[in-house]
Amino acid sequence: MFCPKCGKSNPDHAYFCTQCGNDLTSTEAPPVVESVMATIDSAPMSPARNNLAIPAGVAGWSWGAFVFGWFWAVCNKTWIGLLALVPGIGFIMHVVLGFKGREWAWQNDHWDSVEHFQKVQRRWSIVAIGLILFIIIFLYGMIYFLGSTLEHPFPSSSGMKV
């Protein structure tokens, strides 16, 4: 038997701790056990947190999880998102993270409130959508530039068009 106060190992039949003298017959919840249980309950991927109900406003599509995949998963302690690094199922995992990512992030991390959770996820979404828009504008610019270059090729060194 371990003393709930100091953690010292004692014989099973002991009435008092040999280290600190704590009463081992007490039926009240020991402080060490309470602190350990509090830590386990808030730990990422804890079964106790996975059984939590999903509050209104948490579920839904996550642009941050879809675009950033494994990076978003690590930052939100959603370790299953690391499957996005596996060749062959990476894109599928990005889609799954898009659909289920917000729920998993809610269950796997300790959030102050639903508002705090939404604020953080909103930032991920803004950056993800900004990145998508940047890529679209960049590709459009490249296509426009290449198209105009093909219509009007550069002059050759002799000054004549080829």
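The values are calculated or read from the model by the stated rules, or taken from the named source; none is laboratory data. What you see is a predicted model, and the numbers here were worked out from it, not measured in a lab. Cβ coordinates were reconstructed from backbone atoms using ideal geometry, including for glycine residues, and neighbour counts include every protein chain displayed.
Below is a table of values for the structure above.
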item	result
Of all residues making up segment 88-99, the number that are at negative phi and surrounded by fewer than 17 Cβ atoms within 10 Å (Cβ to Cβ)	6
Residue pairs meeting the criteria (Cβ under 7 Å; at least 6 apart or on separate chains; first farther than 13 Å from VAL74 by Cα, in segment 90-107; second in a helix (DSSP H, G or I) and modelled with pLDDT under 90)	GLN107/ARG49; GLN107/ASN50
Qualifying residue in segment 78-87 (condition: exposed (fewer than 12 other Cβ atoms within 10 Å of the Cβ) and either in a helix (DSSP H, G or I) or not basic (Lys, Arg) (or both))	yes
